[in-house]
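First comes the structure, then the notes that go with it.
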């Protein structure tokens with residue numbers, strides 16, 4: 001009997017291993033000779049057509065969650081941000097080198113899911129074949145920038161001259177894992193964790209103490225476990241993304257994995273109506289890699305270490321979030337529209353909507369990024385910067401004027417440098433319950449919460465205690 005059971009277990013073990021191997025290499029018998037995206041289109045043209053309309057390809061989309069977009073489609077391609085400012089024009093693709101021949105930049109398209117051509121709004125065979133399926137779906141895939149015969153540039157697999165090696169990579173098709181997502185989303189803004197603050201490379205395989213959801217000894221979740229939508233459309237937009245890819249399927253902890261009262265402690269469950277999970281369960285962000293908290297494009301210098309001209313920046317690590325109300329809607333600085341300013345005079349790149357008196361709003365955790373960008377003196381429009389070429393020549397005035405011409409079609413401008421502010425939602429790096437905030441982290445003199453900024457006269461707990469006496 002024991003021999004039979006042992007034999008059965010061995011057979012089942014081999015079967016499980018074979019199934020796992022088949023899942024990881026399920027294109028083994030389909031990809032005989034990978035010849036670019038056209039190889040994928042032979043079976044997956046419908047999937048490519050749906051992907052064409054998504055934010056990952058278009059870098060813009062519908063804006064139902066913006067209160068001031070006027071219904072227009074907006075996104076990375078059509079807006080000005082306070083990091084690398086805008087990816088269009090000369091920013092899109094190309095190699096910028098310094099005097100020593102070192103490549104300084106390759107263009108913002110390095111993180112686009114295409115092979116070099118900017119996304120068009122009309123679908124075509126050329127656009128479908130421009131998609132790089134392997135960048136999201138092939139384990140171990142890497143690409144680089146190569147010159148084309150017509151003097152342009154394109155992204156190609158680094159194994160493009162090694163057909164056997166390229167075929168091997170192209171057969172490793174799978175649902176995107178954490179590594180695939182992080183290679184773009186963690187590197188955005190110019191370097192590791194520069195931009196988001198809560199999407200660090202550590203999330204590839206974090207300890208449970210770093211992120212209880214993604215840790216292999218925790219929930220072992222991947223990005224697509226939460227963000228996967230239908231037809232290649234992602235779920236969730238946070239606060240500072242203009243477009244919403246899946247407006248009919250908003251992402252929320254409550255109702256997805258957790259109930260509205262998950263704590264089994266009444267005092268804590270009383271908070272869930274007005275306090276988002278992130279406020280207590282992400283005590284700090286940028287815990288391994290520092291994040292960019294201030295970027296001043298008006299104050300430039302030459303970095304001997306990097307061999308290029310750079311902006312002035314301030315980085316912080318283990319950052320305590322800011323806290324503000326958010327009801328799911330945002331207000332953004334729309335290009336070609338006079339800037340909105342907060343009370344300090346800073347241009348509001350992104351602000352969350354909501355207040356204490358808004359029943360749909362909850363207190364959320366935020367990274368507040370500040371910067372300094374050019375604004376047209378007459379029209380008061382925010383202006384991008386041709387940052388890629390600036391790294392080589394260091395002439396910031398030239399970089400501003402080049403960007404104004406490519407973005408707005410203006411060749412004669414007068415501008416001034418203005419402070420900017422952007423609120424960015426913090427949603428990752430969730431710690432185990434034992435490391436979450438306690439009552440006194442917020443409800444004590446000098447605690448985390450700025451109660452007056454949140455619309456209260458003082459600590460609401462003290463008001464309740466006084467009322468109960």
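Miscellaneous remarks
- In this simple spin-label model, placing a label point 7 Å from the Cα along the Cα-to-Cβ direction at both residue 444 and residue 468 gives a separation of 1.9 nm.
- Net length available on complete extension from residue 378 to residue 252 is 41.1 nm, with 0.36 nm assigned per residue and the Cα-Cα distance removed.
- Global form of the chain, assessed from the alpha-carbon gyration tensor, a/c cut-off 1.5: oblate
- Expressed per residue, the C-alpha convex hull volume of the range 261-393 stands at 151 Å³.
- Peptides ranked, highest mean first, by Cβ atoms within 10 Å: ranges 442-453, 268-279: 268-279, 442-453
- If you take the Cα centroid of the range 31-80 and the Cα centroid of the range 354-382, the two points sit 27 Å apart.
- Dividing the Cα radius of gyration of the range 272-312 by 2.2 N^0.38 Å, with N the residue count, gives 1.93.
- On full extension, the segment bounded by residue 288 and residue 122 gains 55.5 nm, given 0.36 nm per residue less the C-alpha separation.
- The range 384-469, relative contact order in percent, only Cα pairs under 8 angstrom and at least six apart counted: 14
- Kirkwood analysis of the Cα pair distances in the range 104-210 returns a hydrodynamic radius of 15.4 Å.
- Given their separation in residues at 0.36 nm each and the Cα-Cα distance between them, residue 230 and residue 267 gain 9.5 nm when the chain is fully extended.
- Computed over the chain, the per-residue total of -39500 (n - 2.57) for DSSP H runs of n ≥ 4 gives a 222 nm mean residue ellipticity of -6500 deg cm²/dmol, rounded to 500.
- Relative contact order of the range 39-89, pairs being alpha-carbon contacts under 8 Å that are 6 or more residues apart, as %: 21
- For the range 32-89, alpha-carbon Rg over 2.2 N^0.38 Å: 1.55
- Whole-percent pair-distance distribution, where bins are 5 Å wide, for the alpha carbons of the range 312-469: 2, 7, 13, 16, 15, 14, 10, 8, 7, 5, 2, 1, 1, 0
- Within the range 274-289: backbone nitrogen closer than 16 Å to the residue 260 label point (7 Å, Cα to C-beta): 274-277
- For the range 292-311 versus the range 410-428, the inter-centroid distance based on Cα atoms is 17 Å.
- Here the relative contact order of the chain, from alpha carbon pairs under 8 Å that lie six or more residues apart, stands at 16 percent.
- With the simple spin-label model, which puts each label point 7 Å out from Cα in the Cβ direction, the residue 337 to residue 437 separation comes to 3.1 nm.
- Global form of the range 121-272, assessed from the alpha-carbon gyration tensor, a/c cut-off 1.5: prolate
- Among 37-47, 252-262, sorting by the average number of other beta carbon atoms lying within 10 angstrom of each residue, highest first, gives 37-47, 252-262.
Values quoted throughout were computed directly from the atomic coordinates according to the rules given, and no laboratory measurement underlies them. Treat the numbers as computed from the prediction; the structure is a model and nothing was measured. So basically every Cβ, Gly included, is an ideal-geometry build from the backbone, and we count neighbours across all protein chains shown.
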